[in-house]
1. Probe radius 1.4 Å, ligands and nucleic acids ignored: give me the carbon and sulfur share of the accessible area of the range 1-51 as a rounded percent.
2. Measuring with a 1.4 Å probe in the full set of protein chains, what accessible area per residue, in whole Å², belongs to the chain?
3. Please list, in order along the range 43-58, the HN-Hα scalar couplings obtained from phi with the Karplus expression 6.51 cos²θ - 1.76 cosθ + 1.60 (θ = phi - 60°), rounded to whole Hz, x for Gly and Pro.
4. Extending each Cα 7 Å along its Cβ direction at GLU5 and HIS39, get the distance between those two points in nm, one decimal.
5. Largest first and to the nearest Å, give the Cα extent of the chain along each principal axis.
6. Work out how much length GLU31 to TYR62 would gain on full extension: take 0.36 nm times their residue separation and subtract the Cα-Cα distance, in nm to one decimal.
7. Report, by chain and number, residues whose modeled amide H sits under 5 Å from the one on GLU31, excluding near sequence neighbours (fewer than 5 apart, same chain).
8. Using a simple charge model, +1 on the beta-carbon of Lys and Arg, -1 on the beta-carbon of Asp and Glu, nothing else, what dipole does the chain show about its Cα centre, in debye to the nearest 20?
Amino acid sequence: MESREDLVGQSLGDVRAAETAAGHDIRVLGEDGVCADAHDDLNPNRVNVVVQDGKVIWASMY
């Protein structure tokens, strides 16, 4: 697991655009206190994020 603290504080839209352009998938694990279904499938090209009020508050690649 690789922490992506560089994404914290950015808007989900900005993160999605930049990371998609870099060839990464985005998975929102939670938004505004609501957790999404997620599986423990490893994908080294995926950025997993948790979002609050449109801003990324946690991000990691796994």
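1. Details: 1640 of 3270 Å².
With neighbouring chains kept in place, the figure for the range 1-51 is 50 percent.
2. Working: 3870 Å² over 62 residues.
For the chain, the solvent-accessible area averages 62 Å² per residue.
3. Calculated HN-Hα couplings, in order: 9, x, 9, 10, 9, 9, 10, 10, 10, 9, 6, x, 10, 6, 10, 7 Hz.
4. For GLU5 paired with HIS39, the spin-label model returns 3.2 nm.
5. 26, 24, 16
6. Working: separation 31, 0.36 × 31 = 11.16 nm, distance 1.85 nm.
My answer for the length gained is 9.3 nm.
7. The answer is ALA36, VAL51.
8. Numbers: 5 positive and 12 negative charges, 23 e Å.
Computed charge dipole of the chain: roughly 120 debye.
The values are calculated or read from the model by the stated rules, or taken from the named source; none is laboratory data. What you see is a predicted model; the values in this text were computed from it and never measured. For neighbour counting, all protein chains shown are included, and Cβ atoms are generated from backbone atoms with ideal geometry for every residue, glycine included. Ligands, DNA and RNA are stripped out before the accessible areas are found, and what is left, the full protein with its side chains, is counted by its heavy atoms. Shrake-Rupley method; radii C 1.70, N 1.55, O 1.52, S 1.80 Å.
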